[in-house]
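Working notes, structure below.
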Amino acid sequence: MAKSLNVVGATTYQRIKRDIIFGDLAPGSKLKLDGLKDRYAASMSTLRETLNRLASEGFVAAQDQRGFFVTDVSREDLIEIANLRVLLECHALRLSIQNGDTDWEGNLVAAHHKLHLMEQRMQSGDHSGKEDWKRYDWEFHQALISACGSKNLLSLHAVLFDKYLRYQMLVLTYRGDEAVLEHKDMFEAALARNQDAAALALQVHVEKGLEHTLQAF
């Protein structure tokens, strides 16, 4: 029974977090437990546990006497998230290039191939698979840093990546060829074990994405 309850809790957490990231639960909106119970078919205890977990990660705000709200957004918060992402992800990438073995290289090749196929689809004008696109984008970035050797670093990066993604989804416009080339530069530099070039390509990628998102914010 405990195992099945944990599965339900994880599923509820993943669904609510997904709906926050993709804007189905709007920034600043109140998360009423009765409505969430019906929407996610979850118990009150599971919902409270889930919302408290999301609050600890910064996706939900818990306000005394008022309940839970989707965390609001701001330009300042986006800039801070992007800067932190550069610091953490570039450091993790350098470590990963140092430590990565042939399995790491193989996973990176596979992740880049899937992302590139989706990018080609996006470039052709088909934007219907935005969730698949962003999942492949995440898998590529995660593959780049997966050999960093630090579970704490990977965990912190995952939260920051999702926060950054949330802003992208709120103002979603596709950067096209520029982003494709940035991914290619990161990929090739990582395989060549060129830490400086890979870290620079990643920094440019995040900063260009930030600039693009701010313009549409």
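The values are calculated or read from the model by the stated rules, or taken from the named source; none is laboratory data. Small disclaimer: the values here were computed from a predicted structure and weren't measured. FYI the Cβ positions are ideal-geometry reconstructions off the backbone, even for glycines, and counts take in every protein chain you see. Calculation scope for accessible area: heavy atoms of the full protein, side chains included, ligands and nucleic acids excluded. Shrake-Rupley method; radii C 1.70, N 1.55, O 1.52, S 1.80 Å.
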- Matching residues, segment 201-213, being touching a helix residue (DSSP H, G or I) at 6+ places or on another chain (Cβ under 8 Å) and open to solvent by 30 Å² or more (accessible area, probe 1.4 Å): Q203, V204, E207, K208
- Query: Is it the case that segment 32-55 has a residue that's open to solvent by 30 Å² or more (accessible area, probe 1.4 Å), over 16 Å from T11 (Cα atoms), touching a residue at least 24 places away in the same chain (Cβ under 8 Å) and more than 20 Å from the chain's Cα centre (by Cα)?
  - Reply: yes
- Message: Condition (residue is more than 19 Å from Y136 (Cα to Cα) and assigned to a loop (DSSP other than H, G, I, E, B)) applied to segment 101-114: is it met by at least one residue?
- Response: yes
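From the list D185, D132, which residue is crowded, with 16+ Cβ neighbours inside 10 Å, part of a helix (DSSP H, G or I) and either at pLDDT 95 or above or not aromatic (F, W, Y) (or both)?
D185
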- Query: So which residues in segment 141-157 are assigned to a helix (DSSP H, G or I), open to solvent by 30 Å² or more (accessible area, probe 1.4 Å) and free of Cβ contacts under 8 Å to residues at least 60 places away in the same chain?
  - Reply: Q142, K151, N152, S155
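When only residues in segment 56-75 that are assigned to a strand (DSSP E or B) and either in contact with a Phe, Trp or Tyr (Cβ under 8 Å, 6 or more places away or on another chain) or among the hydroxyl-bearing types (S, T, Y) (or both) count, which is surrounded by the fewest Cβ atoms within 10 Å (Cβ to Cβ)? Please lay out each step first, then the result.
Step one: list which residues in segment 56-75 are assigned to a strand (DSSP E or B), which gives 60-63, 67-70.
Subset that is either in contact with a Phe, Trp or Tyr (Cβ under 8 Å, 6 or more places away or on another chain) or among the hydroxyl-bearing types (S, T, Y) (or both): 60-63, 70.
Details: V60: 21, A61: 17, A62: 15, Q63: 10, V70: 21.
Residue satisfying both the conditions and the ranking: Q63.
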- Message: Just to be sure I understand the filter: pairs with C-beta atoms under 8 Å, separated by 6 or more residues or on different chains, first member in segment 110-121 and on the phi < 0 side of the Ramachandran plot, second member acidic (D, E) and surrounded by 20 or more Cβ atoms within 10 Å (Cβ to Cβ). Which pairs pass?
- Response: L115/D137
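Residue-by-condition table, conditions (1) in contact with a Leu (Cβ under 9 Å, 6 or more places away or on another chain); (2) under 18 Å from A190 (Cα atoms); (3) open to solvent by 10 Å² or more (accessible area, probe 1.4 Å):
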site	(1), (2), (3)
S96	yes, yes, no
E139	yes, yes, yes
V159	no, no, yes
Y167	yes, no, no
- Message: I'd like to know if segment 163-179 contains one or more residues that are touching a residue at least 60 places away in the same chain (Cβ under 8 Å) and of a type in the set (V, I, T).
- Response: no
- Single unsatisfied condition, D126 versus (1) in a loop (DSSP other than H, G, I, E, B); (2) open to solvent by less than 70 Å² (accessible area, probe 1.4 Å); (3) among the charged types (D, E, K, R); (4) in contact (Cβ under 8 Å) with a residue 40 or more places away in the chain: (4)
- Task: Look at S74 and say whether it is over 24 Å from D132 (Cβ atoms), touching a residue at least 12 places away in the same chain (Cβ under 8 Å) and not hydrophobic (A, V, I, L, M, F, W, C).
- Result: no
